[in-house]
Amino acid sequence: MTYPSESNINSSVPHIYVKSWMALALLLYSVDQIERYAGWTIFLLPCMILCFLGLSIAGLIKVVMSVLRRQWRRLIFILAAPAIFFLIALVMSLGFDSDWLRFQLARPYYNWVVDHLPAEKEGKMMWGFGSRGHFLSRIETHALVYDRSDRAAKQPKADEASEIIIRPLGGHFYLMTEIY
């Protein structure tokens, strides 16, 4: 029976650390969609905060240990993982979030439906794009809107208790979010 050497065990630690940051980044990118379909807000937010804090503390310890041991390659791995996480957060803040990705993946289907619209639809179509909310938070309803005349881009009137946000996705498609 052979036992793994200490160098083999230590060399796998940065990979586990990097994979943990990537899993957290994937959760960050898809939390919007997960919450819309499962309604796990109360569970996901504390889970993400605890994971972020745990990985940050572990990373700080690993940075100090790598510098003391002069393990520069390992240090690069340890510093690159959170950098990639924050890069994904930056990309999301620029509008390339899970809604945009979901639309881009399903765009051929939506274009096919629009191409086969009956005459009475007059170039307008709406699809449900999910909703979320519960008794502790506001309620959001999302809809994908196709409007050939681009009148959907104009801000519609909302009641006093709600707010409507229109986000263009390109090609006469809009994501309409009603918050109440």
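The values are calculated or read from the model by the stated rules, or taken from the named source; none is laboratory data. Values in this document were obtained by computation on a predicted structure and should not be read as measured data. We place every Cβ from the backbone using ideal geometry, glycine too, and count neighbours over all the protein chains shown. Accessible surface is based on the protein model in full, side chains and every heavy atom, while ligands, DNA and RNA are left aside. Shrake-Rupley method; radii C 1.70, N 1.55, O 1.52, S 1.80 Å.
What to note about this one:
- Region 146-166 residues that are among the aliphatic types (A, V, I, L, M) and in a loop (DSSP other than H, G, I, E, B), paired with ones that are modelled with pLDDT of 75 or more and open to solvent by 60 Å² or more (accessible area, probe 1.4 Å) (beta carbon under 7 Å, 6 or more apart): 161/180
- Taken over region 168-180, residues that are modelled with pLDDT under 85 and not in a strand (DSSP E or B) amount to 2.
- Residue in region 71-84 that is at pLDDT below 80 and open to solvent by less than 30 Å² (accessible area, probe 1.4 Å) present: no
- Among residues of region 118-167 being more than 21 Å from residue 107 (Cβ to Cβ) and among the small types (Gly, Ala, Ser), the one that is modelled with the lowest pLDDT is 158.
- Members of region 38-90 that are of a type in the set (S, T, N, Q) and touching a residue at least 12 places away in the same chain (Cβ under 8 Å): 41, 56, 66
- Pairs with Cβ under 6 Å, 6+ apart, first in region 120-142 and open to solvent by 50 Å² or more (accessible area, probe 1.4 Å), second modelled with pLDDT of 70 or more and part of a loop (DSSP other than H, G, I, E, B): 139/180
- Here the condition is being within 23 Å of the chain's Cα centre (by Cα), open to solvent by less than 80 Å² (accessible area, probe 1.4 Å) and either more than 22 Å from residue 179 (Cα to Cα) or modelled with pLDDT of 80 or more (or both); of 90, 101, 105, it holds for 101 alone.
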